[in-house]
Structures are given as structure tokens and as C-alpha cells.
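Okay, structure first, notes after.
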């Protein structure tokens, strides 16, 4: 390989580093190390750093876009975004009120029954692995990040400074509408490519891994020829 590549992956709310396991295998087949961030919802937290790759890739799922440190955005050559958002709530007032109401209910329920909230969330995501994840819950952290969805906002200028961005979103996403992906492409303009995966839900990179990989690997093949 003429140009060393390294990658870091960030999961979203309600997930942990294990969700990227199959991605690590695929990257390893290309001799690209993929390191997984862990927020610490279900055990020990882990914050990775880029080491020595000359080409640096960030993969972020959902709220993971907002968990990634600013310095890594500045270091990244390619940002791969799955099922994410600049602002969580829709702009249209009626949809915004509905979204805020749903989130308030999740926050109330999470205060007393976080396992039930996680089960419902995973079901709405389109994947169920709560049996393992419900152990050793960091209740306070889950609740704090859930509340932060109301106010978190991504700096567009920072994202625009990244040379290239690839956005994946499922048309069947019940957590973050695929229109959020479309809005992001419009705001990032020329340095963003958008792929809408038909009927895929919010857990898109983990339920439709091969579909997403097939699209991403075309870009990786071009890099490996440099």
C-alpha cells in the first residue's frame, strides 16, 4: 500500500464500540486499522486518536457526529456520516413539536426505566441487541446525552473544511428522517456525496453493512491506487 490509511469510528446514543465489529473486519482486509470509540454507556469508555496515517477517515453514526472531538475533524481527510444530523429536531414547526414531545417522553421514561427506553429505541432503530447492552448501564450518562439532543448543533464551517464527506441515510429511518441527510448535503454542497439506502432504518451501518461497504470501498480503492 503506497498511502497508509487509518480510521476511527464513533457510535451514537444507545450503542457501544462493538457495533463496529464487522466494519473492523472489512477494513482489516484492506490492511486499514479501524479503532472504535466507546462513550461508556455499558462499561469502560475509550477515546481513540489518529496515530500516523497519512490519510485519515472518520466514521460517525447518528449522535456520534456530536461526540467526535474537534481536533479529529481538523485532522480528517474523509468523513463518513451514517444516519446523522446537524440539529436533531426538524425545522418545520409541527414536526419540531412532535419530535420534542417524543424526546421529552423518552427522557422521562429513561429516568426510571432506562432498559425499557433502550429496548424501544433499538426496536425503532431496526436492530435488537439490548440483552447484552442493558448490563452495567451508565444511567446518568445515557440520560445526559439524551437531554443534549435538544441543544446539540454541529458547526457547518468545520465540516466544510474536511476535504470530502460521504453521507449515508436510510429512507426508512424512524429516529432521524432521511431528509436530515438531504439537508446536510445541501449545506455542505460540493464536498459531500449522498447515498440513500432504500427501506433501511436508523441502524443502517449495522443492518446494511455490506450495502454501505460496497459503496464506500469504491472510494477506498481509488485511495489505494495513489
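The values are calculated or read from the model by the stated rules, or taken from the named source; none is laboratory data. A quick note: this is a predicted structure, and the numbers were derived from the prediction, not measured. Positions of Cβ are generated from backbone atoms using ideal geometry, with glycine treated the same way; all protein chains shown enter the neighbour counts.
Kindly establish whether residue 93 is over 24 Å from residue 196 (Cβ atoms) and either touching a helix residue (DSSP H, G or I) at 6+ places or on another chain (Cβ under 9 Å) or in contact (Cβ under 8 Å) with a residue 12 or more places away in the chain (or both).
On the way: over 24 Å from residue 196 (Cβ atoms): yes; either touching a helix residue (DSSP H, G or I) at 6+ places or on another chain (Cβ under 9 Å) or in contact (Cβ under 8 Å) with a residue 12 or more places away in the chain (or both): no.
Here the answer is no, as residue 93 does not meet what is asked.
Just name the residue that is nearest to residue 221 (Cα to Cα) out of those in segment 41-76 that are out of contact with any strand residue (DSSP E or B) (no Cβ under 8 Å at 6 or more places or on another chain) and in contact (Cβ under 8 Å) with a residue 60 or more places away in the chain.
Looking at residues that are out of contact with any strand residue (DSSP E or B) (no Cβ under 8 Å at 6 or more places or on another chain) and in contact (Cβ under 8 Å) with a residue 60 or more places away in the chain, I get 74.
Consider residue 193 carefully, then state whether it is assigned by TED's automatic domain parsing to the domain that holds residue 76 and part of a strand (DSSP E or B). Outline the logic, then answer.
Details: assigned by TED's automatic domain parsing to the domain that holds residue 76: yes; part of a strand (DSSP E or B): yes.
Judged against the criteria, residue 193 is a match.
Output yes when any residue across segment 179-188 is closer than 24 Å to residue 55 by Cβ, in contact (Cβ under 8 Å) with a residue 60 or more places away in the chain and in contact with a helix residue (DSSP H, G or I) (Cβ under 9 Å, 6 or more places away or on another chain), and no when none is.
Yes; the residues of segment 179-188 include at least one that is closer than 24 Å to residue 55 by Cβ, in contact (Cβ under 8 Å) with a residue 60 or more places away in the chain and in contact with a helix residue (DSSP H, G or I) (Cβ under 9 Å, 6 or more places away or on another chain).
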